[in-house]
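K.L.:
Okay, handing you the structure first.
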Amino acid sequence: TNRTFTMIKPDAILDGFTGPIIQQIEEAGFKIVAMKKVHLSAADAGKFYEVHKERPFYGELCEYMSSNPIIPMVLEKENAVEDFRVLIGATDPAKAAEGTIRKRFARSLGSNAIHGSDSDENAAIEGAFFFTATELK
Ligand code: GTP
Ligand code: MG
């Protein structure tokens with residue numbers, strides 16, 4: 001068993017998809033270890049996405065992720081990182097496989113409903129960005 005980190009993004013919360021997204025995550029066998037709702041400042045979003053700071057969409061991404069609340073979660077399942085990225089689908093919902101979370105619930109490439117960590121190392125770093133050690137026990 002291991003862990004990944006996810007955030008339900010502003011578009012999906014505004015569109016009323018929080019419940020169905022959490023349901024799909026649980027039905028896929030992931031346990032919720034930690035969860036909260038938080039409205040990031042632009043500076044916090046900038047810190048979270050620092051790895052993308054040279055990319056052309058960085059400003060837009062940080063503005064979007066701080067525009068409205070998000071729901072960060074730490075999830076547990078065997079092979080969590082890889083299986084969760086399959087569950088959410090391709091970054092661009094237009095290219096995501098049928099039945100994936102992004103295909104079902106995302107608006108666009110920039111507003112793509114959900115985040116999923118891309119490695120065990122980043123999952124740990126990203127989880128620690130939002131949750132204390134006690135919350136992650
Ligand atoms: P995450 O799970 O959110 O990290 O997505 P990813 O790993 O599939 O994509 P990546 O890490 O490459 O990009 C991070 C986020 O930046 C994506 O989820 C998108 O929301 C956003 N993004 C990526 N490419 C573009 C783009 O060309 N334009 C805009 N506006 N946003 C983009
Ligand atoms: Mg990524």
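K.L.:
Can you give the Rg to Rh ratio of the chain, both from alpha-carbon atoms, with Rh computed by the Kirkwood formula? Numbers along the way, then the final one.
P.N.:
On the way: Rg = 13.8 Å, Rh = 14.9 Å.
Radius of gyration over Kirkwood radius for the chain works out to 0.93.
K.L.:
Which whole-number percent is the relative contact order of the chain (Cα, under 8 Å, 6+ apart)?
P.N.:
Numbers: 239 pairs, mean separation 52.4, N = 137.
Answer for the chain is 38 percent.
K.L.:
V86 versus E50, label points 7 Å from Cα toward the beta carbon: distance in nm?
P.N.:
3.3 nm
K.L.:
Could you tell me the extents of the stretch 59-137's C-alpha atoms along the three principal axes, largest first, rounded to whole Å?
P.N.:
38, 31, 17
K.L.:
Summing +1 for each Lys or Arg and -1 for each Asp or Glu, what net charge is found among the other residues whose Cβ lies under 9 Å from the Cβ of P93? Intermediate results must be reported in sequence, preceding the final value.
P.N.:
Values: positive: K95, R102, K103, R104, R107; negative: D92.
Once positives and negatives cancel, what remains is +4.
K.L.:
If you don't mind, there's one more thing I want to ask. Order by neighbour count: E98, E26, fewest other Cβ atoms within 10 Å first, most last.
P.N.:
Least to most surrounded, the residues fall as E98, E26.
K.L.:
Structure shown: which of K31/K137; K31/K53; K37/K95; K9/K53 lie over 23 Å apart, alpha-carbon to alpha-carbon?
P.N.:
Working: K31/K137 13 Å; K31/K53 32 Å; K37/K95 28 Å; K9/K53 19 Å.
Violating the 23 Å limit, Cα to Cα: K31/K53; K37/K95.
K.L.:
Okay, helix-only estimate at 222 nm for the chain: each DSSP H run of n ≥ 4 adds -39500 (n - 2.57), divide by all residues, round to 500 deg cm²/dmol; what do you get?
P.N.:
Numbers: 7 runs with 55 residues, N = 137.
Counting only the DSSP helices, I get -10500 deg cm²/dmol.
K.L.:
I've got another one for you. Which of the aspartates and glutamates could a cross-linker span from K103 if the Cα-Cα distance has to be under 18 Å and same-chain partners fewer than 8 positions apart are dropped?
P.N.:
Partners within reach: D11, D15, E26, E27, E82, D83, D92.
K.L.:
Can you give me the long-range amide H partners of A96? Hydrogens built in the peptide plane at 1.01 Å from N, cutoff under 5 Å, separation of 5 or more residues or another chain.
P.N.:
Under 5 Å from the amide H of A96 lie the amide H atoms of A90, each far enough along the sequence or on another chain.
K.L.:
Provide the net charge surrounding F5, with neighbours chosen by a C-beta distance below 14 Å and charges set as Lys +1, Arg +1, Asp -1, Glu -1.
P.N.:
Working: positive: R3, K9, K31, K36, K77, R85; negative: E76, E82, D83, D118, D120, E121, E126, E135.
Once all neighbours under 14 Å are counted, the net charge is -2.
K.L.:
Would you please give the residues with an amide H less than 5 Å from that of N2, counting only those at least 5 places away or on a separate chain, with H modeled from the backbone geometry?
P.N.:
Those qualifying (amide H under 5 Å, at least 5 residues apart or on another chain) are K77, E78, N79, A80.
Every read-out reported here was derived from the displayed coordinates using simple, explicitly stated rules and does not represent laboratory data. Fair warning: this is a prediction, and the values are worked out from it, not measured in the lab. Neighbour counts are summed over all protein chains in view; Cβ atoms, including those assigned to glycine, are modelled from backbone coordinates with ideal geometry.
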